[in-house]
Structure formats: structure tokens, C-alpha cells
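Colleague: First the structure, which I've put down as C-alpha cells, then a few questions once you've had a look.
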């Protein structure tokens with residue numbers, strides 16, 4: 001369902017506005033998620049789980065700092081949309097896999 005590799009994403013908060021996460025790497029295997037990245041706050045790791053319906057639950061741990069709880073759902077087209085929270089604060093987020101573009105001389109595939 002979810003490809004391991006490079007992802008892009010953002011989180012929104014009233015004070016900071018929309019903030020990108022990147023570079024971001026996520027690995028999905030047997031219902032578990034792990035990864036790492038960086039944003040305006042600093043470097044972080046992700047750990048969590050996903051299920052066959054596309055529900056994702058993760059903890060984002062900033063190195064030497066606080067943690068943030070993420071819960072989202074697959075949109076059917078590759079993106080995970082949801083909410084993050086650090087009680088009493090919360091906001092929205094989105095994560096999408098970075099899909100490589102084929103080279104200009106790649107053969108055309110017939111459907």
C-alpha cells in the first residue's frame with residue numbers, strides 16, 4: 001500500500017503556518033513504520049503502525065526534544081492526510097511519496 005523511500009510532507013500550525021518536512025524517508029513493512037527527517041524545529045524520527053485500511057498512527061520524536069502524535073488516513077491516491085497533536089495543540093498534516101520521473105529515453109509502456 002505505502003512505498004518505502006523518499007516522501008515529502010508538511011504540517012500546519014496557527015503560529016508557524018504550513019511547514020515542510022524534508023528530506024524525509026519512511027519505511028513500511030509488516031504493519032510497522034519507521035523513518036527520519038528534518039523540519040523547521042529540527043531532526044526527528046518517526047515510528048508507528050499502519051493497517052490494511054490505510055490508517056496510520058505514528059510518533060514523531062524530535063531528537064533531544066518533544067514528541068508529536070500523528071494519525072492519518074490514506075486518500076486512495078498515495079497521500080496520507082490527518083492530524084498531529086501535542087496536547088493541547090493540534091493541526092493538520094499531509095505526507096506523499098516522491099515518485100521518480102522516467103528518463104526522456106525510457107520506452108513507452110502500453111496499457
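Colleague: Can you tell me which residue among 93, 89, 81 is surrounded by fewer than 15 Cβ atoms within 10 Å (Cβ to Cβ), in contact (Cβ under 8 Å) with a residue 12 or more places away in the chain and within 11 Å of the chain's Cα centre (by Cα)? Spell out the reasoning first.
Modeller: Details: 93 fails: surrounded by fewer than 15 Cβ atoms within 10 Å (Cβ to Cβ); 89 fails: within 11 Å of the chain's Cα centre (by Cα).
Answer to the selection: 81.
Colleague: Filter the range 62-78 for residues that are farther than 19 Å from residue 98 by Cβ and more than 13 Å from the chain's Cα centre (by Cα) and give the result. So that I can check it myself, show each step before the final result.
Modeller: Quick first cut of the range 62-78, residues farther than 19 Å from residue 98 by Cβ only: 62-69, 71, 73.
Result: 62, 63, 64, 65, 66, 67.
Colleague: So if I check each of 27, 18, 38, which one is more than 15 Å from residue 59 (Cα to Cα), without any contact (Cβ under 8 Å) to a residue 24 or more places away in the chain and touching a strand residue (DSSP E or B) at 6+ places or on another chain (Cβ under 8 Å)?
Modeller: Working: 27 fails: more than 15 Å from residue 59 (Cα to Cα); 38 fails: more than 15 Å from residue 59 (Cα to Cα).
Of the residues listed, the single one that is more than 15 Å from residue 59 (Cα to Cα), without any contact (Cβ under 8 Å) to a residue 24 or more places away in the chain and touching a strand residue (DSSP E or B) at 6+ places or on another chain (Cβ under 8 Å) is 18.
Colleague: While we're looking at this one, here's another question. Being in contact (Cβ under 8 Å) with a residue 24 or more places away in the chain and under 21 Å from residue 6 (Cβ atoms) is the filter here, so list the residues in the range 47-67 that pass it. Lay out the reasoning, then the answer.
Modeller: We begin by selecting, within the range 47-67, every residue in contact (Cβ under 8 Å) with a residue 24 or more places away in the chain; these are 50, 52, 54, 56, 58, 60, 65.
Within the range 47-67, 50, 54, 56, 58, 60 meet the criteria.
Laboratory data are not the source of any read-out in this text; all were calculated from the coordinates shown. Here the structure is a predicted model, which means the values were calculated and not measured. Every residue, glycine among them, receives a Cβ derived from its backbone with ideal geometry; neighbour counts consider all protein chains shown.
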